[in-house]
Number of protein chains: 4
Amino acid sequence: MAQGISVTVWNEYRHEKTDARVAAIYPQGMHEAIAGHLRTQDDMDVRTATLDEPEHGLSDEVLGGTDVMTWWGHVAHKEVQDAVVDKVHRRVLEGMGLIVLHSGHFSKVFRRLMGTTCQLKWREAGEREVLWVTRPGHPIVQGIDDHFVIPQVEMYGEHFDIPEPDETVLISSFSGGEVFRSGVTFRRGAGKVFYFRPGHETYPIYHQKEVLKVIANAVRWAAPTGAMTIECPNKPMGWFEKEPR
Amino acid sequence: MAQGISVTVWNEYRHEKTDARVAAIYPQGMHEAIAGHLRTQDDMDVRTATLDEPEHGLSDEVLGGTDVMTWWGHVAHKEVQDAVVDKVHRRVLEGMGLIVLHSGHFSKVFRRLMGTTCQLKWREAGEREVLWVTRPGHPIVQGIDDHFVIPQVEMYGEHFDIPEPDETVLISSFSGGEVFRSGVTFRRGAGKVFYFRPGHETYPIYHQKEVLKVIANAVRWAAPTGAMTIECPNKPMGWFEKEPR
Amino acid sequence: MAQGISVTVWNEYRHEKTDARVAAIYPQGMHEAIAGHLRTQDDMDVRTATLDEPEHGLSDEVLGGTDVMTWWGHVAHKEVQDAVVDKVHRRVLEGMGLIVLHSGHFSKVFRRLMGTTCQLKWREAGEREVLWVTRPGHPIVQGIDDHFVIPQVEMYGEHFDIPEPDETVLISSFSGGEVFRSGVTFRRGAGKVFYFRPGHETYPIYHQKEVLKVIANAVRWAAPTGAMTIECPNKPMGWFEKEPR
Amino acid sequence: MAQGISVTVWNEYRHEKTDARVAAIYPQGMHEAIAGHLRTQDDMDVRTATLDEPEHGLSDEVLGGTDVMTWWGHVAHKEVQDAVVDKVHRRVLEGMGLIVLHSGHFSKVFRRLMGTTCQLKWREAGEREVLWVTRPGHPIVQGIDDHFVIPQVEMYGEHFDIPEPDETVLISSFSGGEVFRSGVTFRRGAGKVFYFRPGHETYPIYHQKEVLKVIANAVRWAAPTGAMTIECPNKPMGWFEKEPR
C-alpha cells in the first residue's frame, strides 16, 4: 500500500460518546464510518485521528505523512489547539488536500483558509435534500448522475459566507425551500480544499453510498500533484540565468 | 438626459402578438413593461427595439449609442440575423453591457459569448420560485434583502451549461425541488454580461417590483467604465519606452 | 461632503520618522502623499490614521464611519494589535472596501482575508517596472491606456501566494525578468479587496500620477454597494413565506 | 494500450511544407515533434491529424475516440471547415480535453470556446521568454520548478482578450518588457481547455524538454473524468422522486 493516497480521517468524536442516538448510528464514531469506506478503496491508505488524542492525533509525523485529510467537527471547534490549526493550515498550503465536512464549515482551519465567517442559515427539521450536479464531468462527481437525494437532513441555507469558489460542483435544495452550495472547491497555496455539506450526527448520512462515493472521489481529486515551499526569497539580478538547465 | 445610461430594451415581441393570454399580461409587449420601469429611473435614457423592425431595431447608430442592452427571446432565436448577432457581440467586447433575460439563455448572442450550449432542464407547472442572494452587498441586489419570491414561474433546473461564472449572485429553488443559478455575471472583453432567469410570457413577472429592481440595478452595474479596441497590433521592440508620458 | 466616499488612509509611518532618505521623499508620510491626492477628488472625504496613534487611529467610530480603507505597512506588521485586526477584518466582511498597498501584502489583515502566506520573491535594485492592463474597461484602470511605467522600484516576483483572484487587472514585468500580478481583486463577505503592488519607502512612487489615479479609481470601485450582517440564524420551516412583501 | 489516454495531435502542417527554414527544424511537421514525445509516455496512445487530410483528419470515428486533442494552426485558420469546428467544439463540451498551442489562440474552435476575440500584441524579434509558475503544485507544472526559459521566441503581449481564466498557471516575461498569461485553464461543458503559449514555426520550441513536459502533463490533466450529455429535457414534477435508487 506504499503507493496509495495517505488519508487521515479526523473527527471531533464527542457526540458519539455522549448521545445514545448518535452512538446507535455511529457506534465507532463517524470517522470509522468514513474510514471504513475509504479502506475498501485499493488506492488509499487510511488512518483516523480524533480531538481527545494527544495533539488531537495530529503529530508532526502524522501530518507530514498525510496526503489528504477529512475534517468533521461541531461542538468543540474552540477546543482545537491553535498550534495544531497552524500546522494543518501550513500543510494545506504546502500541498495537502483537505475535505471539510458539514459542520466543519465553522472549524478554525476552514475559516482560516477562507478568510470569511463561513456563516449560514440552519434548521433541524429532518428535511429532504436534493443535491444537484452543476459541473458534470468533474472528478468529484464521477459515478453520480445529475443529482442524488438524502432523505433526512439538517438544512443549511444561503447566504453561505465563503469567497467565490473556484468551482461550484453541487447545489442543494431542501424541502423548506432554501438552497445551498453543497460542494465547492478552493485552492490555497498548493493544497486543494473541498467543502462538502452532507453529514450530521443524528442521521445515517455517512452510511449512504452516494455520500461515501463523493468523499472517495474528493480524496482522489485532492491528492497532491506537487508542493509549495514556504519562504520569501531575496533574489539577486540575473539569478535565474546563471542556473544550470 | 445626455448624461444618463443609454439603455436599449430588446424583445423578440412575438408571443404578445399571437397569444391572447400573453397580450393580456403585456399589452404593449414585455419590452414596454421593462422599459416603462427603467424610464422612471433618473439616470437612464431608454429606448426599445424588436425583432420585426428593420435590422431588428439595432442599426449601427442604435448599437453605437447603447451603453447597456437587455435581451429577451424565445421562439425566434433562429430568425435573428447573424450579421446583427456579430455586431451585438462585438459591441459587448468593446464595452457595452448585456443583460440576458430568461429564455434568452438560448439566444445566439448569449451562446456565442459563453462558448457553451447554455442548456438546462425545464418545466411549465406554475411553481413558486425563491431566489436567494449568494453575494450580499453586490450592486445587482442592492435593496433586495436575502431573498425574494416569485409566485408562479416556469422552472429552469441545473445543470445550466455555462462557464463557471465570475460571480454567482442569486440561486433559485422551485417547488418541485430543482435549483438554478438565476443571477450570474461574466466579463467578456470590456463588456459586462448578466444572466437573469426571471421572466416568462405567460406570467406577470416583469410587473413584479423585485424583478424590475434587479434589472435596474443590473443596468447600472453593466454600464461601461471603459472600452476595448479590437485589434492585434505588431509592436516593435521598445515601443512603449519611446512614448511621451 | 456628507455624500462623499469616506476614505481612511492608514500608514505604518515608521520609515518616514527614522530614515532621512524616506523623509526627504515623504516629509509628511506616505499617507499624506496618498491622502493629499484623494482630497482633490470631489467625491471623497479623506482622513488618515497611523500605527502609533491610540488604537492605531482606528477607533470604533473611525472604523464604523469608513467606506474604504487603504493600508500600507512594512517593518511593524507584528505591532498591529490583533484586536484592531479583528475589527478591520470584520468591517471588510460587513462591506468596507480595502486597498492593500505594496508591502501590505504581509499585513495581518491581508493574510487573514486571503488565508494564504502571501509570500513572494523580492529584490531591491532600482529596476524599471512596466504594469500591463489585463482587463481593459475595468473601473480600476479607467484613464490608464494599456500600460504604465514606474522608473525605479523594488521587484516583487511570482509565485505570489494568494488565492486565485476574482479579477487580474494588472500584471508587471521588471527589468530583471520577473513578473507579478500587481493589481488583483477579491471579494470577502460584502467587502471588496484590491491589492495594488506599487509603492516603496525609498522611491517617490506615491507622487506618480498613474499610481495615484489607480488608487483613486480603486477607492470608487471598492466603495460599499450594500452590507452583510454577521449572524448564523436558525430559521423555522416556512419563515420566508410568512413575511409581508 | 487500450487503457491509455487517446491523444490526437492536430497540426495545420503548412509552414513545414513551404518554408525550408521550418522544414529544417520540423522535418516531419510540428505534430510529429509533439506526438513523438507523447509516444514515449506509457499512459498515452497517440495519433496525428492535419488540415489537408480528408475532414482534416478528424472523422467522427477519430473524434469519438479522442480523449485529448492538441491544436496548432496559424496561416490557415479560415480553411478549417465550420462543420469540423462544430464537431470538435461539441466533443469538448461532451468531455474531450483540448490543448491549444501558440498561434492556435486565433483558431476557430478556441475563439468559439472563449466567446472573445483572443487578440493580443505580437512581435517577431527572437526574444528570450521566461515562464513563471503562478500555481505551484498544479498538475500541469509537475516537474517544473518555479520557472523555465525559452531562449528565442515570438513575443505575445497583454492584453490577451480571453475570459478570466479558471486558473492562471504560467505568466511570461519577454526581453522587450511585455508580459503574457502563457498557461491558462478553462472548463467548458465537461471538457477541460488549456491554452499554452510556447511554440512557433521558426524556433525549435517543440524540441525543448520543459515545453514537452508541460504538454504531456496537460494531456493527463485534460483527460476526461466524466461526460456531459447535450440535451434540454422537459422534466415533469416529481420525476426524480420516482426513480429507483
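The values are calculated or read from the model by the stated rules, or taken from the named source; none is laboratory data. Note that the structure is a prediction, hence the values are computed from the model and not measured. Cβ coordinates were reconstructed from backbone atoms using ideal geometry, including for glycine residues, and neighbour counts include every protein chain displayed. Surface areas here come from the heavy atoms of the whole protein model, side chains and all, with no ligands, DNA or RNA. Shrake-Rupley method; radii C 1.70, N 1.55, O 1.52, S 1.80 Å.
Tell me the distances, shortest first, between residue D:60 and the same position across the other copies, using label points 7 Å along Cα→Cβ, in nm to one decimal.
4.3, 6.3, 7.2
Per the Kirkwood definition applied to all pairs of different Cα atoms, how many angstroms is the hydrodynamic radius of region C:67-107?
For region C:67-107, inverting the mean 1/r across all distinct Cα pairs yields 10.6 Å.
Pairs A:17/C:108; B:78/D:17; A:78/C:108; D:17/D:213; A:121/B:209: which are spaced more than 30 Å apart, C-alpha to C-alpha?
Working: A:17/C:108 39 Å; B:78/D:17 42 Å; A:78/C:108 21 Å; D:17/D:213 26 Å; A:121/B:209 26 Å.
Those over the limit are A:17/C:108; B:78/D:17.
Which three semi-axes in whole Å describe the equivalent ellipsoid of region A:113-218, each the square root of 5 times a Cα gyration tensor eigenvalue, listed largest first? Walk me through the numbers on the way to the answer.
Values: eigenvalues 84, 62, 30 Å².
Working from the Cα gyration tensor, I get semi-axes of 21, 18, 12 Å.
Just from its helices, what would the mean residue ellipticity at 222 nm be for chain A, if runs of 4 or more DSSP H residues each count -39500 (n - 2.57) and the sum is divided by every residue, rounded to the nearest 500 deg cm²/dmol? Walk me through the numbers on the way to the answer.
Details: 7 runs with 58 residues, N = 245.
So the calculated ellipticity at 222 nm is -6500 deg cm²/dmol.
Ignoring ligands, DNA and RNA, how much accessible area is buried between chains A and C, both sides summed, with a 1.4 Å probe, to the nearest 100 Å²?
By this definition, chains A and C bury close to 2900 Å².
Calculate the mean, over all residues of peptide A:86-93, of how many other protein chain Cβ atoms lie within 10 angstrom of the residue's Cβ.
Counting other chains' Cβ atoms within 10 Å and averaging over A:86-93 gives 2.
Assume the label is 7 Å from Cα along Cα to beta carbon: what separations in nm does residue A:79 have to the matching positions in the other copies?
4.1, 6.9, 7.3
Work through the residues other than residue C:230 whose Cβ is under 10 Å from its Cβ and net out their charges, Lys, Arg +1 and Asp, Glu -1.
Result for the neighbourhood of residue C:230: -2.
Taking Cα pairs under 8 Å and at least six residues apart, what relative contact order does chain D come out at, in percent?
20 percent
Under the definition of partner shielding as Cβ atoms of other protein chains within 10 Å of a residue Cβ, what is the mean value for peptide A:106-118?
Mean partner-chain Cβ count within 10 Å for A:106-118: 4.
Under the rule a/c < 1.5 gives rounded, and otherwise a/b versus b/c splits prolate from oblate, where does region D:7-150 land using the Cα gyration tensor?
Details: a/c = 1.31, a/b = 1.18, b/c = 1.12.
Verdict is rounded for region D:7-150.
Closest beta-carbon to the A-to-C rotation axis: which chain A residue owns it, and what is the separation in whole Å?
A:115, 2
Compare B:188, D:220, B:90 by solvent-accessible area with a 1.4 Å probe and give them largest first, with all protein chains kept in place.
Final ranking, largest accessible area leading: B:90, D:220, B:188.
How large is the dipole of region A:119-166 about the Cα centre if only Lys and Arg carry +1 and Asp and Glu carry -1, each at its Cβ, rounded to the nearest 20 debye?
100 debye
Distance between Cα centroids, region A:127-164 to region D:68-93: provide it in whole Å.
About 35 Å separates the Cα centre of region A:127-164 from the one of region D:68-93.
So how much accessible area does residue D:13 have, in Å² to the nearest 10, using a 1.4 Å probe?
We get 50 Å² for residue D:13.
Through the Karplus equation 6.51 cos²θ - 1.76 cosθ + 1.60, θ set to phi - 60°, convert the phi angles of region A:127-139 into ³J(HN,Hα) values in whole Hz; use x for Gly and Pro.
6, 7, 10, 10, 9, 9, 6, 10, 9, x, x, 5, x
For chain C, set up a GNM with springs between Cα atoms under 10 Å and report which of C:159, C:15, C:31 has the largest fluctuation.
C:159
Just to be sure I follow: if Rg is taken over the C-alpha atoms of chain B and Rh is the Kirkwood radius over the same atoms, what is Rg/Rh? Let's see the in-between values first.
On the way: Rg = 18.5 Å, Rh = 18.6 Å.
My calculation puts Rg/Rh at 0.99.
Which of rounded, prolate, oblate describes region A:16-77, given a ≥ b ≥ c as roots of the alpha-carbon gyration tensor eigenvalues and a/c under 1.5 marking rounded, otherwise prolate only if a/b is larger than b/c?
Taking the square roots of the gyration eigenvalues as a ≥ b ≥ c, region A:16-77 is oblate.
When the distances between all Cα atoms of the protein assembly as shown are binned every 10 Å from zero, what whole-number percent does each bin get?
2, 11, 21, 25, 23, 14, 5, 0, 0
Given label points at 7 Å from Cα along Cα→Cβ, what nm distances, shortest first, separate residue B:235 from the same residue in every other copy?
2.2, 4.8, 4.9
Under a Cβ-Cβ cut-off of 11 Å, what is the net charge of the residues other than residue A:5 that fall near it, where Lys and Arg count +1 and Asp and Glu count -1?
Neighbour charge sum, excluding residue A:5 itself: -3.
Let me check against my output: what whole-number percent is the relative contact order of region A:175-245, with C-alpha pairs under 8 Å and at least 6 apart?
Values: 39 pairs, mean separation 18.1, N = 71.
Computed value for region A:175-245: 25 percent relative contact order.
Once you list every other residue whose beta carbon is under 14 Å from the beta carbon of residue C:111, what net charge do they have if Lys and Arg are +1 and Asp and Glu are -1?
Local net charge: +4.
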